[in-house]
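Read the structure below first, then the notes.
All of the numbers you see were taken from the coordinates with simple rules; none came from a lab. Everything numeric here is computed off the predicted structure, so don't read it as measured data. All Cβ positions, even for glycine, are placed from backbone atoms using ideal geometry, and neighbour counts span all protein chains on display.
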Protein chains: 2
Amino acid sequence: MHRIVLIIEYDGTNYVGWQVQPNGTAIQEVICRALKKLTGDELSVHASGRTDSGVHARAQVAHFDTLSRIPAEKFSYALNTMLPGDIRIKASFELTGDGDYEFHSRFSVKQKHYRYTILNAPHNSAFTRNTALHIHSGLDLEKLNAAAAFFLGTHDFLSFKAAGSKSKTTIRTIYKSEWFRNGEFLFYDVAGSGFLYNMVRIMVGSMLRVGMGFESPEFILRALENPDRENAGDTAPAHGLMLYRVKYDEFDTEQFLSKAYLNI
Amino acid sequence: MHRIVLIIEYDGTNYVGWQVQPNGTAIQEVICRALKKLTGDELSVHASGRTDSGVHARAQVAHFDTLSRIPAEKFSYALNTMLPGDIRIKASFELTGDGDYEFHSRFSVKQKHYRYTILNAPHNSAFTRNTALHIHSGLDLEKLNAAAAFFLGTHDFLSFKAAGSKSKTTIRTIYKSEWFRNGEFLFYDVAGSGFLYNMVRIMVGSMLRVGMGFESPEFILRALENPDRENAGDTAPAHGLMLYRVKYDEFDTEQFLSKAYLNI
């Protein structure tokens, strides 16, 4: 049996998210269908985590087990001939278990990195309309970063968890939390041990209240200290969010991607 | 009568080009419809030039005449509420004639700048699939630039003109013609007094033969010296091409756009 790992990029605009849902097409479903065509088998594909409807991935990680003798590196090329243009396999390789341990896209994750993109300009753009949230009013970068800094470290993120999330614990550790500007674009980069359902989008929605001047940066501190969803801000729209990078002991998705990529 | 100028950005993927065609929706048509809604009048909208089906614009320029008392700067905001997301008005302003002379989006053009984008990587990208040509084989940047340099100056571009073009003269002047690389992306920037039908795409298609090693850079020189369409290469696909900038005596579209924009 071969455990094949895929590094997947997708434009989530036309999908209900990674996981199969009754109300539309899921990315997982499209990849399973292509694998069925390629190997003849119904294979289970496990990702590093779900992404919501409309959320994008620059580097989603998924794996499946197969008896197929197709060389691991060939899967990316073969799948790309079958997949729609908004889902691309950037790399494929085999990771075999060593005794008791087996690599797992979800359970072996060490760190996940998301990026949220905002176009802060008078008018929206025809080109980034599906990948950046357009905000025409002014945003204070210094205040956004003061707010973002409160997330660093280990906290109870209950205030930043959507209803319906079934996580056992709401404690998470954030390693990186910062905003930067490039021309009319504002980027929020956040890396953590893991994220609750809608957590990044609620973090962004809460910080935007600070960046727009409705709240002081301490709004974030209070929401962390008083764990209740009512103490945080709105959930920012899905289309600005991108799963940017996933790190494992075995590899870092960055190894497979160009440095300059999407670096607008 | 007010002559209103629009700076227009569009993702050309879903259109038959700027100009009205029998076989699909034109960008001109969509803008005219929005203006009709806004002013109540059927207005003629003139652009700096046509763009083909699938070609994009970062800064197309167009104008129309109206008796409407809507302040010129308000047109961009009002039109954007009515236009689809893949067409955005980045700015609107009034340019009134001074005696005999009247500004005209097409006849007053001093310089046009196009950009052609190539993703030179093993796999295509979900995000740039409609705005960059994917080429997985190696491209020699030095040879591309040696080829591009032959275009500089004033030449007969008959070899680089599509059949069906009705231009009076095939003599054009090129001010800038260069390739540069940013990560996995290759960009070709060309600025000239004006361009024949399909001219940039045939120039790119011809240079790609050089960059791939099928021809030496002098292939371009020979095509310029022996004006016949058969002496140039193929027409590169439309989706990599973007109308990037237009210069007039009165203004330069760059004044209205962020420097960092699409600078991947």
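Here's the yes/no breakdown for (1) more than 14 Å from chain A (Cβ to nearest Cβ); (2) closer than 24 Å to B:HIS239 by Cβ:
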{"position": "B:TYR101", "(1), (2)": "yes, no"}
{"position": "B:HIS113", "(1), (2)": "yes, yes"}
{"position": "B:TYR116", "(1), (2)": "yes, yes"}
{"position": "B:ARG129", "(1), (2)": "no, yes"}
{"position": "B:SER137", "(1), (2)": "no, yes"}
{"position": "B:LEU141", "(1), (2)": "yes, yes"}
{"position": "B:GLY153", "(1), (2)": "yes, no"}
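Going by the conditions given, is A:ASP249 away from chain B (no Cβ under 14 Å) and either part of a loop (DSSP other than H, G, I, E, B) or in contact with a Gly (Cβ under 8 Å, 6 or more places away or on another chain) (or both)? Yes, satisfied.
Residues in the range A:67-83 that are of a type outside the set (Phe, Trp, Tyr) and within 9 Å of chain B (Cβ to nearest Cβ): A:SER76, A:ASN80. When A:THR96 is tested against (1) in a loop (DSSP other than H, G, I, E, B); (2) away from every other protein chain (no Cβ under 14 Å); (3) closer than 17 Å to A:LEU243 by Cβ, only condition (3) is not met.
Give the residue that is surrounded by the fewest Cβ atoms within 10 Å (Cβ to Cβ), with candidates limited to residues of the range A:155-207 that are within 14 Å of chain B (Cβ to nearest Cβ) and part of a loop (DSSP other than H, G, I, E, B).
At the first step, the residues of the range A:155-207 found to be within 14 Å of chain B (Cβ to nearest Cβ) are A:180-187.
In the following step, the residues that additionally are part of a loop (DSSP other than H, G, I, E, B) were identified as A:183-184.
Numbers: A:GLY183: 16, A:GLU184: 21.
Ranking the qualifying residues of the range A:155-207, first place goes to A:GLY183.
Select from the range B:208-222 the residues that are part of a loop (DSSP other than H, G, I, E, B) and within 25 Å of the chain's Cα centre (by Cα) and write down the one among them that is surrounded by the fewest Cβ atoms within 10 Å (Cβ to Cβ).
B:MET212
Candidates in the range A:14-56 are the residues that are touching a residue at least 60 places away in the same chain (Cβ under 8 Å), closer than 17 Å to A:ASN198 by Cα and not in a loop (DSSP other than H, G, I, E, B); of these, the one that is nearest to the other protein chains (Cβ to nearest Cβ) is A:HIS56.
Among the conditions (1) away from chain B (no Cβ under 14 Å); (2) in contact (Cβ under 8 Å) with a residue 60 or more places away in the chain; (3) out of contact with any helix residue (DSSP H, G or I) (no Cβ under 6 Å at 6 or more places or on another chain); (4) under 30 Å from A:ALA132 (Cα atoms), the only one that A:PHE64 does not satisfy is (4).
Scan the range B:67-93 for residues that are outside any loop (DSSP other than H, G, I, E, B) and out of contact with any Leu (no Cβ under 6 Å at 6 or more places or on another chain) and report the count. Please lay out each step first, then the result.
From the range B:67-93, those outside any loop (DSSP other than H, G, I, E, B) are B:74-82, B:87-93; that's our starting set.
The next check asks that each one be out of contact with any Leu (no Cβ under 6 Å at 6 or more places or on another chain); those that pass are B:74-77, B:79-82, B:87-88, B:90-91, B:93.
Of the residues in that region, 13 qualify.
A:SER125 meets each of the listed conditions (1) within 14 Å of another protein chain (Cβ to nearest Cβ); (2) touching a residue at least 60 places away in the same chain (Cβ under 8 Å) apart from (2).
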